Amino acid sequence: MPDTHRDFKDRLYAHFARVGKAVGSPHRIEMLELLAQGERTVDSLATEIGLSLANASQHLQALRQAALVDSRKDGLFVYYRLADPAVFEVCQAIRSIAERR
């Protein structure tokens, strides 16, 4: 009989690690802070941060895989937004710890 509690914990901790890896990049943290101000296109994020469109898209995919951002397509443009207001709270906590340390 498989240990479903263990399976659940393994999946949960794997997701925690995915989130940690996603916020382990300065560019991704900046993207999250910009998205906390409102929905933005890939192009506008790339321009604001100084990244190529391809590089910005890769960072956004990592954030999507960690379920930190959502996207919607409107014509030729893909718009990104925070998946949950709690994502910004995590960013604020990281900033607060970094500033104190």
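Label-to-label distance, L53 versus Q92, with points set 7 angstrom from Cα along the beta-carbon direction: 3.5 nm.
Dipole magnitude for the range 17-68: about 300 debye, using +1 per Lys or Arg Cβ and -1 per Asp or Glu Cβ, origin at the Cα centre. Hey, for a label at H15 modelled as a point 7 Å past Cα toward Cβ, could you say which residues of the range 77-97 have their backbone N under 16 Å away? Residues passing the 16 Å test: 83-87.
Determine the distance separating the Cα centre of the range 1-34 from the Cα centre of the range 42-101; give it in Å without decimals. The range 1-34 and the range 42-101 have Cα centres separated by 15 Å.
For the chain, the list of GluC sites (Glu not before Pro) that fall in a loop by DSSP and count at most 15 other C-beta atoms within 10 angstrom reads E39.
Here's the picture: charge each Lys and Arg Cβ at +1 and each Asp and Glu Cβ at -1 in the chain, and of L34, Q58, L45 the one pushed furthest to the positive end of that dipole is Q58.
Placing unit charges on the Cβ atoms of the charged side chains and taking the dipole of the chain about its Cα centre, the candidate lying farthest along the positive direction among F88, H15, S71 is H15. Checking the a/c ratio against 1.5 first, then a/b against b/c, what shape does the Cα gyration tensor give for the range 22-67? It comes out rounded by the Cα gyration axes. Here the calculated FRET efficiency for Q37 and F8, from their Cβ-Cβ distance with R0 = 22 Å, stands at 0.05, rounded to the nearest 0.05. Rounded to the nearest 20 debye, the dipole size of the range 1-90 about its Cα centre is 260 debye, using +1 on the Cβ of Lys and Arg and -1 on the Cβ of Asp and Glu. P(r) tail, the chain: Cα-Cα pairs separated by more than 18 Å, 50% of all pairs.
Throughout, read-outs are computed from the coordinates displayed, never taken from laboratory work. On a predicted model such as this, the values are computed, not experimentally measured, just so you know. Positions of Cβ are generated from backbone atoms using ideal geometry, with glycine treated the same way; all protein chains shown enter the neighbour counts.
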